[in-house]
Amino acid sequence: MEFYAEVERVLAAKKAPVKTERIDWREGGIFSGKRQYLRVIHERHVFDICAAPFGHDFFWSWWLGTKPGFLESLPYVGFIFKYLVKPDTYYSEDTRQMFEDTIHHVVLDVVGGSLSVKQMAPLTPADREVTRRKKAIELAI
């Protein structure tokens, strides 16, 4: 929870035009436990960030997805709405990339701060690239 709070603090300091919320995702099937994620939202794009223990270790992950609006989710109407009213443009792609890059850097900076506090080796430039997770998923929300 401290990690999520620090990510939110850094985003607020950057005056990033995003909103955040805590969500629970199941670890498996319907009877499995839940794990809390920090969701960062910008327009229809969302990042779900996880920070959790794994035995004696700790891991961080993040997943980029889109959250379609009501009209976009309707059969046939959604395609027409997206094509005529909300088409993909250079600007929309630039904004998506900036959102993705901002969250990527904030998460890695907060991870780096956590490692520094625990006097552990910092992330190398190679680590910062390898740990970047690009998962485009359609979220069923």
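Rule-based calculations on the coordinates, nothing more; no lab input. What you see is a predicted model, and the numbers here were worked out from it, not measured in a lab. Don't worry about glycine lacking a Cβ; one is built from the backbone with ideal geometry, like all the others, and counts go over all protein chains shown.
Here are a few things to note about the model shown:
- Pairs of lysines in the chain whose Cα atoms sit within less than 23 Å of one another amount to 16, provided the residues are eight or more positions apart or on different chains.
- Calculation over all alpha carbon pairs of the chain in 5 angstrom steps from 0 returns a P(r) of 2, 8, 16, 20, 19, 14, 10, 6, 3, 1, 0, 0 percent.
- Rg(Cα) / (2.2 N^0.38 Å) computed for the range 1-57, rounded to two decimals: 1.28
- Summing Cβ point charges (Lys, Arg +1; Asp, Glu -1) relative to the Cα centre of the chain gives a dipole of roughly 200 debye.
- Nitroxide proxy distance, nm - points 7 Å out along Cα→Cβ at residue 13 and residue 118: 2.0 nm
- Note on the chain: with a GNM built from Cα contacts shorter than 10 Å, the maximum mean-square fluctuation among 117, 40, 106 falls on 117.
- GNM on the chain, alpha-carbon springs under 10 angstrom: the most fluctuating residue among 103, 23, 49 is 23.
- Against the chain, whose longest principal axis is taken from its Cα atoms, helix 90-117 shows a tilt of about 20°.
- Note on the range 2-138: antiparallel DSSP beta bridges, both residues inside, total approximately 90 percent of the bridges counted.
- Residue 83 paired with residue 25, simple spin-label distance in nm, labels 7 Å along Cα-to-beta-carbon: 3.2 nm
- The distance from the alpha carbon centre of the range 85-117 to that of the range 57-80 is 16 Å, rounded to a whole number.
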